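Data first, discussion second: the structure below is written as structure tokens.
The values are calculated or read from the model by the stated rules, or taken from the named source; none is laboratory data. Everything quoted here is computed from the prediction, not taken from an experiment. Quick reminder, even Gly has a Cβ in these numbers, built from the backbone with ideal geometry, and neighbours come from all protein chains shown. We work out accessible area using only protein heavy atoms, side chains counted, and drop any ligands, DNA or RNA first. Shrake-Rupley method; radii C 1.70, N 1.55, O 1.52, S 1.80 Å.
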Amino acid sequence: MKTRILVKEGAYKLAKAGVMDAKIDAEELFCFAADCDKVFLFLRKEEEVAKDVEEKFLELIERRAQRIPLQHIIGEQEFMGFKFKVTPDVLIPRQDTETLVTEAAQTIRQEFEKSMEQLKKASLFRKFKGLDGYEVLDLCCGSGAIAISLSKMLETVSVSASDISLPALKLAAENAVLNRVGVEFYQGDMFKAITEGRQVTAEGPRAKAKGTKVKQFDMIVSNPPYIKSNVIPMLQEEVKDHEPMEALDGGLDGLDYYRTIVKEAYQWLKPGGWLLMEIGHDQGEDLRKMIKDSCHYTPATVIKDLPGKDRVVKCRAL
Ligand code: GLN
């Protein structure tokens, strides 16, 4: 069969099964089966497909038609231009979250520029301190996409990351190796990871729980679970049946994890340290109020994502 016809047949099967981007997914799966890129697929679309590639492709289509996420089938997802391994143990990195990473990176760059300005007249020692050792914590890091991207984008920044899930942390540590960055991963329930966390590497957890090396950070970033419990049954099958519930469910009003973060983050931030969190599109006002009522932070700014929806809140510890 010709490539073009086979891919079309695959796309048809996916569309019939209710898959949203059927054509794109069929093309991706063909490239995965044939171990080629999209350009190759386009150039060879009138050519006959080898029997083994055809069989493999149809098998993959069968799995995708069962609404298994594309990323679980091909085993990876791109985020901020970097590649991340994904498994059912972690939330698949979303484009929405690139807003958080972009904003965090911009904020850090501005901090650096400001300290450079201040240090122009200062001694060499202070100059050194100003640029090195900017400490970031990614709370609820999942696949490590946020922490690793920040580390790739800003080489002088030290990044620690934590999660409650050991399998997630193992994968995150593998992703750090894959992307050649030195992020440190700690297992623990929210802020307990700072004081009592066990360090986890790609080989597994280290013996003793000692907490992170750093006890106060210049910035804490987080994409915690924030979906309302009663909305979960309405999510796409790919999400509700295949992604980890503990990475999605934010409790009755979706705000459970923010309550913990807002209540505690300032204690783990240096004065003036930044707190940036991803939020659901309708949670901006709730978060602004929660942050104001806590009296431990500057007024929050709400930042929009590319489609123009509220996506990130940002404030500083007082
Ligand atoms: N944005 C994700 C979704 O809609 C949710 C991510 C989260 O809960 N942190 O599936």
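Go through Lys270, Lys213 for me and flag whichever is closer than 21 Å to Ile146 by Cβ and at pLDDT below 95.
None of the other options fit; the residue is Lys213.
Residues of region 1-43 being within 23 Å of Glu76 (Cβ to Cβ), free of Cβ contacts under 8 Å to residues at least 60 places away in the same chain and in a loop (DSSP other than H, G, I, E, B), which ones?
Ala17, Val19, Asp21, Asp35, Cys36, Asp37, listed by residue number.
I'd like to know if region 88-104 contains one or more residues that are over 28 Å from the mean Cα position of the chain (by Cα), at pLDDT 95 or above and open to solvent by less than 90 Å² (accessible area, probe 1.4 Å).
Initially, region 88-104 is screened for residues over 28 Å from the mean Cα position of the chain (by Cα), giving none.
The answer is no; no qualifying residue exists.
Which condition number does Gly75 fail, the rest of (1) surrounded by 16 or more Cβ atoms within 10 Å (Cβ to Cβ); (2) touching a Ser or Thr at 6+ places or on another chain (Cβ under 9 Å) being met?
(1)
Suppose the filter is away from the ligand (no atom under 14 Å from the Cβ), farther than 27 Å from Ser165 by Cβ, open to solvent by less than 20 Å² (accessible area, probe 1.4 Å) and at pLDDT 95 or above; does Gly284 pass it?
So Gly284 fits the description; yes.
Scan region 222-231 for residues that are within 10 Å of the ligand (Cβ to nearest atom) and either closer than 25 Å to Ser149 by Cβ or among the polar types (S, T, N, Q) (or both) and report the count.
The number of residues fulfilling the criteria is 6.
Checking the condition β-branched (Val, Ile, Thr) and within 12 Å of the ligand (Cβ to nearest atom), which residue from Ile303, Ile279 passes?
Selected residue: Ile279, the only one of Ile303, Ile279 that is β-branched (Val, Ile, Thr) and within 12 Å of the ligand (Cβ to nearest atom).
Go through region 294-318 and give me each residue that's on the phi < 0 side of the Ramachandran plot and either of a type in the set (Gly, Ala, Ser) or open to solvent by 90 Å² or more (accessible area, probe 1.4 Å) (or both).
Within region 294-318, Ser294, Pro299, Ala300, Lys304, Leu306, Pro307, Lys309, Ala317, Leu318 meet the criteria.
Within region 232-251, identify whether any single residue is away from the ligand (no atom under 14 Å from the Cβ) and either open to solvent by 30 Å² or more (accessible area, probe 1.4 Å) or touching a Cys at 6+ places or on another chain (Cβ under 8 Å) (or both), and answer yes or no. Can you show your working first?
Our first condition is that a residue be away from the ligand (no atom under 14 Å from the Cβ); within region 232-251, this holds for none.
No, the conditions are met nowhere in region 232-251.
Restricting the first residue to region 82-95 and requiring it to be over 16 Å from Leu248 (Cβ atoms), which pairs with a second residue that is of a type in the set (Lys, Arg) meet a Cβ separation below 7 Å and a spacing of at least six or different chains?
Close Cβ pairs satisfying both conditions: Phe82/Lys152.
Pull up region 283-318, narrow it to residues that are part of a strand (DSSP E or B) and touching a residue at least 40 places away in the same chain (Cβ under 8 Å), then point me to the one that is farthest from Val262 (Cα to Cα).
Residues of region 283-318 part of a strand (DSSP E or B): 297, 301-304, 310-317.
Those still in the list that are touching a residue at least 40 places away in the same chain (Cβ under 8 Å) too: 303-304, 311-312, 314-317.
On the way: Ile303: 18, Lys304: 20, Arg311: 17, Val312: 14, Lys314: 11, Cys315: 10, Arg316: 11, Ala317: 10 Å.
Restricting to residues being part of a strand (DSSP E or B) and touching a residue at least 40 places away in the same chain (Cβ under 8 Å), the top hit is Lys304.
Just to be sure, is Gly18 within 28 Å of His281 (Cα to Cα) and more than 25 Å from the chain's Cα centre (by Cα)? If you could, list the steps in order and put the result at the bottom.
On the way: within 28 Å of His281 (Cα to Cα): yes; more than 25 Å from the chain's Cα centre (by Cα): yes.
Yes: the conditions hold for Gly18.
Kindly list, by first and then second residue, each pair from a residue in region 67-78 that is at positive phi to a residue that is in a helix (DSSP H, G or I) and open to solvent by less than 30 Å² (accessible area, probe 1.4 Å), limited to pairs with Cβ atoms under 9 Å and residues at least 6 apart or on different chains.
Arg67/Glu238
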